[in-house]
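A short write-up of the structure that comes next.
The values are calculated or read from the model by the stated rules, or taken from the named source; none is laboratory data. None of these values were measured; they are calculated from a predicted model. Cβ placement follows ideal geometry from the backbone for every residue including glycine, while neighbour counts extend to all protein chains displayed. Note: accessible area is taken over every heavy atom of the protein model, side chains too, but ligands, DNA and RNA are not part of it. Shrake-Rupley method; radii C 1.70, N 1.55, O 1.52, S 1.80 Å.
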Amino acid sequence: MSVCDLAPGYIRAIAPYQPGKPTSELARELGLDEAGIIKLASNENPLGVSPKAAAAMRAQLDDLARYPDGNGFELKQALSRRFNIGLDGVVLGNGSNDVLELAARAFLAPGLTAVYAQHAFAVYPLAVQAVGAQGIVVPARKFGHDLAAMAAAVRPDTRIVFVANPNNPTGTFVTGAELEKFIAALPSDVLLVLDEAYTEYLRPDFRYDSIAWLKQYPNLVITRTFSKVYGLAGLRVGYALAAPEVADLMNRVRQPFNVNSLSLTAAAAALDDEDFLRESYELNCRGMDQIVAGLGKLGLVHIPSSGNFVTFAVPQAGAVFQKLLRQGVIVRPIAGYGMPEHLRVSVGLGSENARFLEVLKQALG
Ligand SMILES: *Cc1c(COP(=O)(O)O)cnc(C)c1O
């Protein structure tokens, strides 16, 4: 019997996360020029890093021999000012993936359950399984969250409900009013982990103020990230906003230096780069229109998306994905999310979206 056989069954049962294919890997595999490859697979910001964040990082380079500020004071202060919340209600993470795991580690254990939706973000089942808890998967409604069914799925042993709004990979959105009704009805001993990785991309009439709910609902945890509209996916930095007691427990299971100093500095600078955020938002609106119109012309049905990506149904999705790869365009197959007939494409620059639509047309022809 090997040591691996003795690892807990719930660890051995974990299916590894399948990330979007890196451009360097595709270049190696197919002998393509990496510079010509278009990656629309991980919902990154096609504009790159905010200029303010880049400048802040350059200024930080000489200090890298020192450990980062384990409390992330400056970034917390920037978030606190921005959202009008106390420093003690912030948890910083190595990506919001990290804070999702901190919530699972702090509140779940073998014998407990977490509720999430079919087609929900892949990190939820991973985080739940890694601590030996059990996931309860609630069937989706029109690919989105069925909040009534999720409320009904909560059991006495449930400690967390995960909701991504908008959801990835489907792009579906539930309104602020529906969400508030949901949290108001949730038992107070169950956390709602509300994953708002794409909230900055919401159109104005869809926006809602979840942070205002924190005062009333101490069982609410809001997670956000610098990986998407802020353009810092490679740095890995995200955060949770929660009641101080909840944040305290999450901080106890955190690595002392889980966010590195470049990330702390860059995130604080990016948070206030209003020009970059506006430009990124507007580029996404135009790109979304462009892609949606192009998919329509090709006769493909898409799921209306509130994020910076769109998921569409396409016959032989796996083969189409491979054909796009050979043309140097990387999109995301989502069979692992129970959607083998769909592909997800991130909104890129106008030229990248055009190239994607062109090679997609060829692949279908
Ligand atoms: C991209 C994404 C995140 C962010 O992950 P990071 O670890 O912050 O890069 C979180 N939730 C969802 C639903 C996402 O799609």
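At a glance:
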item: C-alpha center-to-center spacing [the stretch 289-365, the stretch 201-256] in angstrom; result: 30 Å
item: Antiparallel DSSP beta bridges within the chain, as percent of all bridges there, nearest 5; result: 50 percent
item: Cα gyration tensor shape of the chain, rounded if a/c is under 1.5, else prolate or oblate by comparing a/b with b/c; result: rounded
item: Accessible area, probe 1.4 Å, largest first, for residues H302, H119; result: H302, H119
item: Span-rule helices in the chain, defined as complete DSSP H runs reaching 30 Å or more along the axis (Cα) with Kyte mean at least -1.0; result: 274-297
item: Of all accessible heavy-atom area on the stretch 53-270, the percent that carbon and sulfur account for (1.4 Å); result: 53 percent
item: Assigned charges on the beta-carbon of Lys, Arg, Asp, Glu; the chain dipole about Cα centre (debye); result: 640 debye
item: Accessible-area composition of the stretch 322-365, carbon plus sulfur, in percent [1.4 Å probe]; result: 50 percent
item: Positive-end residue, the chain charge dipole about Cα centroid, Cβ charges, pick of A266, A41, V131; result: A41
item: Inter-part distance where the stretch 35-78 and the stretch 97-160 are each reduced to a Cα centre, Å; result: 30 Å
item: Lysine-lysine proximity count for the chain, Cα under 15 Å, sequence distance 8 or more or distinct chains; result: 6
item: Mean ellipticity per residue at 222 nm, deg cm²/dmol - from DSSP H runs of n ≥ 4 across the chain, formula -39500 (n - 2.57); result: -11500 deg cm²/dmol
item: Shape call, the stretch 110-249: gyration tensor on alpha carbons, a/c limit 1.5; result: rounded
item: Solvent-accessible heavy-atom area per residue, rounded to whole Å², over the chain at 1.4 Å; result: 45 Å²
item: Rg(Cα)/(2.2 N^0.38 Å) for the stretch 207-365, N = residue count; result: 1.27
